[in-house]
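Asker: This is the structure, below, for whatever I ask next.
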Amino acid sequence: MENPAQRKPARGDALMAVAFALLLGGTWAARDWGALAALHLPDTDDALRLQQIRDWLSGQAFGDVRQYRLAGGLAMHWSRLPDLVPAAIIVLLRPLVGGQAAEVAAVIAWPLMLFGAALALIASITRQLAPEAARTAIIVGGIAYPVTTLFAPGRIDHHGLQMLLLLVAVRALIAAPGWVSGAIAGVAMATSLVVGMELAPVLGLAALSVWLRWWWGSEQATGQLAGLGIGLGGGIAAGAAGFATTDWGYLACDGFTRTVWIVAQGGAVIPLVLALASPRLPRPSQRLLASVVIGPVIAAAMAPNLRECVAPYGRIDPLVTRLWLHHVGEAQSLFAAPFATGFAYAGLLIAGIIASGWRVADTRAPGWALILSLQLGALAVACVELRGVYAGVALSAPALAVAIGAARARGPVWLAGAWIGSAGMLYPIAAQAFAPPAKPIAGCDVGSALSGVAPATVLTSVDVGARALSQTRHRLIAAPYHRNNAGNAAMYRFFLGPPDGAQAIAAHWRVDLVLLCPGDFAELTPGERPAATAMLPRLRNGHAPDWLVPVPVRGGARMWRVAQRLPPGGLAD
């Protein structure tokens with residue numbers, strides 16, 4: 001328990017964290033004010049999150065997170081939990097400033113609240129391990145690209161909340177081992193799983209660290225192991241009671257589904273059973289044997305559900321995987337991404353791993369070992385999907401801050417080098433030296449393009465589709481969500497296939513409007529680009545088939561109305 005002398009520096013850390021978050025966030029908000037004021041949010045997921053909140057506040061059931069204007073009603077893999085705070089901000093401010101201003105306030109305030117809390121937790125973790133470096137860690141964490149992009153104004157998607165929950169779990173686990181710290185970590189892990197599955201591998205490593213302490217015979221770790229099981233099991237049960245969706249039975253491990261709930265409950269039982277059996281298992285060899293027996297038995301009972309968790313994207317149409325998922329930057333492997341992209345994303349993580357390894361070798365402290373193991377786990381995840389680097393980068397600040405302190409004692413050259421290596425914002429700048437600047441991709445203002453057009457079913461590219469859901473009242477066929485398998489496949493087959501097949505697709509999906517932005521499909525490689533006779537080049541060259549009639553639009557887009565449908569006998573998938 002902290003004494004008053006410890007609480008005072010901790011309060012100072014928290015104040016500095018909040019002040020630094022407000023300084024950076026205010027600067028970013030001023031820079032992007034034009035887009036934020038128009039609710040043109042940084043990422044397609046942010047745009048759809050805002051629309052999900054609007055749908056709920058307009059009367060859609062709390063447990064119903066379907067997007068009814070997408071592909072006839074898509075069962076989203078999202079949770080209602082991340083909607084709570086921004087929705088509350090909107091509800092509180094709307095009577096005072098109006099709906100538009102309330103939404104602008106929410107999309108700015110919520111990420112900054114998360115950012116301030118995350119920096120405060122980074123400082124708290126550092127103060128526990130190296131008190132003299134706590135405030136330096138706030139600065140390092142505040143500029144730690146790419147994780148800081150998750151807290152930029154407008155980033156209301158769930159990833160920032162997941163980072164915060166990871167930091168809560170880590171802070172609990174580096175405290176004195178006991179059932180309270182284990183329970184806090186378990187609840188944080190359970191809450192993260194209710195939000196989404198992206199951090200599940202890293203959370204699993206954090207849980208494994210508790211088991212390792214218990215295995216080596218630590219009596220305090222026995223209580224922490226029991227607390228972990230109780231917190232995880234109780235948290236996941238509460239999550240099911242409060243946040244189970246109307247598509248709870250969707251057979252997948254891509255969000256908080258019944259499948260995830262079963263697997264997580266099984267995962268909670270294992271530490272609880274082992275902790276209860278501890279008095280009969282005094283030696284490490286006995287504890288290892290018990291783990292080898294109990295773990296596989298429970299895993300075997302959950303085998304059908306575990307199979308779903310091995311490949312959550314396994315059901316995506318191969319065409320959609322090749323043309324869309326493989327081009328999503330965060331979904332690319334570290335090795336498949338261009339070198340400059342990989343360096344920008346993973347550069348600070350590598351520096352952080354080196355610094356944490358130095359701290360482990362120098363101190364042999366379990367807290368540093370935990371952080372290093374989670375960083376290595378994040379790097380392993382990044383070798384499959386680049387988004388894994390976020391967790392590792394967030395945990396790099398403590399060791400890098402200590403390295404800066406050590407460099408300060410060796411002179412200004414060492415200090416400058418330590419700051420350069422710890423400044424995450426410099427890695428994407430340095431990455432530009434490895435690759436020529438990318439040609440800007442022309443986009444279009446989808447809100448302007450579709451303004452004044454009566455609500456209709458629109459076929460357009462995946463990214464444009466997500467923004468159209470947020471900025472208009474139209475119905476869309478395609479959007480960047482892996483469960484939208486049929487709609488996304490239909491969109492690609494429409495644009496990249498022949499006109500006859502495109503007409504059949506338009507009829508099957510009852511398409512009213514076809515929208516094309518200048519930058520659409522720019523990500524396709526030469527081998528993926530369609531033949532000259534396909535719909536996409538025909539539309540770009542002004543040779544639309546006669547069943548499509550041009551419609552004048554604003555915002556840099558081109559649009560056509562489907563004027564002639566196939567007869568019923570001509571419908572095709």
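The values are calculated or read from the model by the stated rules, or taken from the named source; none is laboratory data. This is a predicted model, so every value here is computed, not measured. Please note: Cβ atoms are built from the backbone with ideal geometry, for glycine as well, and neighbour counts cover all protein chains shown. Accessible surface areas use protein heavy atoms only, side chains included; no ligands, DNA or RNA. Shrake-Rupley method; radii C 1.70, N 1.55, O 1.52, S 1.80 Å.
Asker: Hey, can you rank 184-191, 205-212 by average C-beta count inside 10 Å, highest first? Show your work: numbers first, answer last.
Answerer: On the way: 184-191: 26.4, 205-212: 19.8.
Most protected by this proxy first, the peptides run 184-191, 205-212.
Asker: Could you tell me which residue out of LEU524, ILE505, VAL91 lies farthest along the dipole of the chain toward its positive end? Charges go on the beta carbon: Lys and Arg +1, Asp and Glu -1, centred on the Cα centre.
Answerer: Farthest towards the positive end: VAL91.
Asker: Farthest toward the dipole's positive end in the chain, which of VAL18, PHE434, GLY234, given Cβ charges of +1 (Lys, Arg) and -1 (Asp, Glu) about the Cα centre?
Answerer: VAL18
Asker: List the trypsin sites (Lys or Arg not before Pro) within the stretch 134-193 that DSSP assigns to loop and that have no more than 15 neighbouring Cβ atoms inside 10 Å.
Answerer: Working: sites: ARG135, ARG155, ARG171; in loops: ARG155.
Sites meeting the loop and neighbour criteria: none at all.
Asker: Further question on the same structure: Round to the nearest 10 and give me the degree value, 0 to 90, for the angle of helix 397-408's Cα axis relative to the longest principal axis of the chain.
Answerer: Approximately 60 degrees, to the nearest ten.
Asker: Continuing with the same structure: Provide Rg over Rh for the stretch 403-538; use the alpha carbon set for both Rg and the Kirkwood Rh (inverse mean inverse pair distance). Don't jump to the answer; show the numbers that get you there.
Answerer: Values: Rg = 22.7 Å, Rh = 18.2 Å.
My calculation puts Rg/Rh at 1.24.
Asker: Another question about this same structure. Mean separation of Cα pairs under 8 Å and 6+ residues apart, divided by the residue count of the chain: what relative contact order is that in percent?
Answerer: On the way: 948 pairs, mean separation 81.5, N = 573.
Worked out over the chain, it gives 14 percent.
Asker: May I pose another question? What value, in deg cm²/dmol to 500, does the helix sum -39500 (n - 2.57) over DSSP H runs of n ≥ 4 give at 222 nm once divided by the residues of the chain? Display every interim value, and only then the final one.
Answerer: Numbers: 25 runs with 346 residues, N = 573.
Computed mean residue ellipticity for the chain: -19500 deg cm²/dmol.
Asker: In bins 10 Å wide, starting from 0, what share of all Cα pairs of the stretch 253-361 does each bin hold, as a percent?
Answerer: 12, 23, 22, 31, 11, 1
Asker: So which trypsin sites (Lys or Arg not before Pro) in the stretch 383-414 end up in coil per DSSP with only 11 or fewer other C-beta atoms within 10 Å?
Answerer: Passing both the DSSP loop test and the Cβ count: ARG410.
Asker: Take every DSSP beta bridge with both residues inside the chain and express the antiparallel ones as a percent of the total, to the nearest 5.
Answerer: 65 percent
Asker: Distance between the C-alpha centers of the stretch 27-76 and the stretch 273-330? Whole Å please.
Answerer: 33 Å
Asker: Under a point-charge model restricted to the Cβ atoms of Lys and Arg (+1) and Asp and Glu (-1), what is the dipole moment magnitude of the stretch 426-545 relative to its Cα centre, in debye to the nearest 20?
Answerer: Dipole size: approximately 140 debye.
Asker: Assigning unit charges at the beta carbon (Lys, Arg +1; Asp, Glu -1) and nothing else, what dipole magnitude in debye, to the nearest 20, does the chain show about its Cα centre? It would help to have the intermediate numbers written out before the result.
Answerer: Numbers: 41 positive and 30 negative charges, 108 e Å.
Dipole magnitude for the chain comes out near 520 debye.
Asker: To continue, here is another question. When the accessible area of the chain is computed with all protein chains present and a 1.4 Å probe, what percentage of it is carbon and sulfur?
Answerer: Values: 15820 of 24110 Å².
Roughly 66 percent, rounded to a whole number.
Asker: Taking a quarter of the surface of the convex hull around the Cα atoms of the stretch 31-74, what do you get in nm²? List each step's numbers first, then the result.
Answerer: Details: hull surface 14.6 nm².
The directionally averaged projection comes out at 3.7 nm².
Asker: Related question: For the chain, what is the largest minus smallest coordinate of the Cα atoms on each principal axis, given in angstrom and ordered from greatest to least?
Answerer: Computed over the Cα atoms, the extents are 79, 58, 52 Å.
Asker: Taking the Cβ of ALA240 as the center, what net charge do the other residues with Cβ under 14 Å away carry, scoring Lys and Arg +1 and Asp and Glu -1? Working shown, then result.
Answerer: On the way: positive: ARG80, ARG258; negative: ASP247.
Spelling it out: positives minus negatives among the neighbours equals +1.
Asker: What accessible area per residue comes out for the chain, rounded to a whole number of Å², with a 1.4 Å probe? Walk me through the intermediate numbers first.
Answerer: Details: 24110 Å² over 573 residues.
Accessible area per residue, the chain: 42 Å².
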